[in-house]
């Protein structure tokens, strides 16, 4: 089969690789039809995080079940499914608690499972990982495009909102205008927030944030941005969604948070390792820091219901669609911030 | 009047200083009869944190109301009262939310208010700050000794337990066997925890932790301590009370916390400024970090009720009592860890 591989910073190439083979009774083989490029993929692409060269990339697969193991009960070949960025069993303590990212039988894409940006992936725990799309929507391209973000960024933005404690009538601030931040705006609106201030540095993305439900946007950087957000929220808000992961974004989030409030953070920590977080800034104001890597499987069913109801549609975050051969160009376009998020549509599975 | 003053690292001296004067209609003047030395006082005493030389020390006053301003409604001269380590108005947004440490009209001891380790203090916001002890207990020395920790450490330990989310039937780990950690054990027991693992490095303090309700104690340091606590709790617990503030204690707390759990922290961050907190250790396991400087005023009424009921007694943390002239010796004894916490009994107020 053909799959996108990482060959070093800036080098993504589609190569012929062995098709994953089903090897466990709880597994399934998926023919990938839709996938995406993630902001977190850019870190190894830029050489800012380590990744083995020659490794398969991608972690947001959607497709058709081709084969299932003998113990799989909830799926059958031909079903339309999507998978979160983490593989989870659905049975262990953590999955039962909705913390699928800490699954004791979990795993990740790549390696022998295949990467999400390839023609096939193997899912070792099919029942626990895969989410089935009802048949009536299984081939509706527009609906599938709206569902695809549930593999990662929509669930991640939602995790930020949930961890920030956003509820009916609340005021919140979303730090970051990337795909996750934009989904955070959608999530905050969905949870009933009355005032949603979106912060970012790109006018086009902030416009989309406003379409998604942001009541105000803040484009200023650094201190000026903090000042503006605090003004708009009457001196800071109890609910801040940190959707970037950079140390500077975390500082901004804490500076905007009202004493006794909560920063819900989901951005993969980046640059924080070197500097570390200044706990004192949290301590003196009793600001809670909640969140982490999003267990998007836990949220998938509820979010899917809303997408199918037509009340939730994150699809505008996809500003470009490429085919498998276009994945490398997709990385480049996202890296240079030409695009918010790139959808990869894999039609041809000739072997 | 006479008051303990900080004259540089290791130098605490009782000096003759001007008696504070009542200068606001909402204020009160308190004749201090009982006060204490705090673990957090040791940091300037050791020269590890900055403090102006020639400044009055102490922040845990209990005494008798000597004079009240014209607007004070809840107190009258002769009342037995105690005060938290932070002055709060009781009226502002944050006081109403129970976050008295972020009071917009708040203040601290020292300066023109006088320090808690002196014969008199002025309370600019008497109704909002002071807690009245019912008359029938006003001169009961044993009861007063049990109440005095409510000025700081008992409320602080309780804040850790509340922020760690400890509830009925829970398992929790308390990191630290100082006065705050010991009070954290009491608080966890009071909130219904079934298993309470106390961690520290002093056998005598861990014995007291066991008396206070710890079901197990862990004296091992570093990795060995983490391993033991994780074993005792079946692989880590959802509720960790970090009651030290040192960077190493915070790391221990995070290492013991179960994925999806919460570290409730109340120790003044210390050493964390340099190293910073490794956010990644929280991120990957979705561990929440909640807490901060404890709004002990918010908890004082409830905790006082339990002390007066006889169901809560933190007084064993006071392992030594000195008079005002003994304050310097009290600092030394606490600094050298001869004593857990020193009570200062001020009898004579000859002027």
query: Within the set of pairs 6+ apart or on separate chains, which have a first residue in the range A:214-235 that is within 21 Å of residue A:193 (Cα to Cα), a second that is surrounded by fewer than 13 Cβ atoms within 10 Å (Cβ to Cβ), and C-beta atoms under 7 Å apart?
result: A:219/A:203
- prompt: In this structure, is residue B:89 surrounded by fewer than 24 Cβ atoms within 10 Å (Cβ to Cβ) and either within 14 Å of chain A (Cβ to nearest Cβ) or at pLDDT 95 or above (or both)?
  reply: yes
- request: Output yes when any residue across the range A:11-21 is at pLDDT 95 or above, closer than 29 Å to residue B:280 by Cβ and outside the structural domain of residue A:269 (by TED's automatic domain parsing), and no when none is.
  value: yes
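Within the range B:102-111, work out how many residues are in contact with a helix residue (DSSP H, G or I) (Cβ under 9 Å, 6 or more places away or on another chain) and either part of a loop (DSSP other than H, G, I, E, B) or farther than 25 Å from residue B:54 by Cα (or both). Reasoning before the result, please.
Going through the range B:102-111, the residues in contact with a helix residue (DSSP H, G or I) (Cβ under 9 Å, 6 or more places away or on another chain) turn out to be B:102-107.
Next, only the ones that are either part of a loop (DSSP other than H, G, I, E, B) or farther than 25 Å from residue B:54 by Cα (or both) stay: B:102-106.
The number of residues fulfilling the criteria is 5.
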query: Of the residues that make up the range A:46-55, is at least one surrounded by 12 or more Cβ atoms within 10 Å (Cβ to Cβ) and under 26 Å from residue A:145 (Cβ atoms)?
result: no
field: Breaking point among (1) within 14 Å of another protein chain (Cβ to nearest Cβ); (2) surrounded by 15 or more Cβ atoms within 10 Å (Cβ to Cβ), for residue B:108
entry: (2)
task: Identify all residues within the range B:263-276 that are more than 8 Å from chain A (Cβ to nearest Cβ), in a loop (DSSP other than H, G, I, E, B) and at pLDDT below 90; write none if there are none.
output: B:267, B:271
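Which residue, of A:48, A:67, is more than 13 Å from residue A:114 (Cα to Cα) and touching a strand residue (DSSP E or B) at 6+ places or on another chain (Cβ under 7 Å)? Reasoning before the result, please.
Values: A:48 fails: touching a strand residue (DSSP E or B) at 6+ places or on another chain (Cβ under 7 Å).
Matching residue, one of A:48, A:67: A:67.
Restricting to the range A:128-143, give me the number of residues that are part of a helix (DSSP H, G or I) and surrounded by 21 or more Cβ atoms within 10 Å (Cβ to Cβ). Lay out the reasoning, then the answer.
We begin by selecting, within the range A:128-143, every residue part of a helix (DSSP H, G or I); these are A:128-129, A:135-137, A:141-143.
Applying the additional criterion that residues be surrounded by 21 or more Cβ atoms within 10 Å (Cβ to Cβ) yields A:128-129.
Here the count works out to 2.
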- prompt: In this structure, does residue A:260 turn out to be touching a helix residue (DSSP H, G or I) at 6+ places or on another chain (Cβ under 7 Å), at the interface with chain B (Cβ under 10 Å from one of its Cβ atoms), surrounded by fewer than 22 Cβ atoms within 10 Å (Cβ to Cβ) and closer than 17 Å to residue B:287 by Cα?
  reply: no
message: Scan the range A:114-124 and tell me whether some residue there is in a loop (DSSP other than H, G, I, E, B), modelled with pLDDT of 95 or more and either over 26 Å from residue A:143 (Cβ atoms) or within 14 Å of chain B (Cβ to nearest Cβ) (or both).
response: yes
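Could you pull out the residue among B:127, B:135, B:71 that is under 22 Å from the mean Cα position of the chain (by Cα) and over 27 Å from residue B:331 (Cβ atoms)?
Exactly one residue qualifies, and that residue is B:127.
Only one residue in B:199, B:154 is within 21 Å of residue B:305 (Cβ to Cβ) and either surrounded by 24 or more Cβ atoms within 10 Å (Cβ to Cβ) or out of contact with any helix residue (DSSP H, G or I) (no Cβ under 7 Å at 6 or more places or on another chain) (or both). Which one? So that I can check it myself, show each step before the final result.
Details: B:199 fails: within 21 Å of residue B:305 (Cβ to Cβ).
Answer to the selection: B:154.
Do you know which of the residues in the range B:277-318 that are part of a loop (DSSP other than H, G, I, E, B) and more than 17 Å from the chain's Cα centre (by Cα) is nearest to the other protein chains (Cβ to nearest Cβ)? Write out each step before concluding.
In the first step, residues of the range B:277-318 are kept if they are part of a loop (DSSP other than H, G, I, E, B); the result is B:278, B:284-287, B:292-295, B:310-314.
When the remaining residues are screened for being more than 17 Å from the chain's Cα centre (by Cα), the result is B:278, B:284-287, B:310-311.
Values: B:278: 7, B:284: 6, B:285: 6, B:286: 4, B:287: 7, B:310: 31, B:311: 27 Å.
Top of the filtered list is B:286.
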- prompt: Which of the residues that make up the range B:246-257 are surrounded by fewer than 24 Cβ atoms within 10 Å (Cβ to Cβ) and within 10 Å of chain A (Cβ to nearest Cβ)?
  reply: B:247
field: Single unsatisfied condition, residue B:321 versus (1) touching a residue at least 24 places away in the same chain (Cβ under 8 Å); (2) under 25 Å from residue B:115 (Cβ atoms); (3) in a helix (DSSP H, G or I); (4) more than 12 Å from chain A (Cβ to nearest Cβ)
entry: (3)
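The values are calculated or read from the model by the stated rules, or taken from the named source; none is laboratory data. In this text the structure is predicted, and so the values were computed from the model without any measurement. Neighbour counts are summed over all protein chains in view; Cβ atoms, including those assigned to glycine, are modelled from backbone coordinates with ideal geometry.
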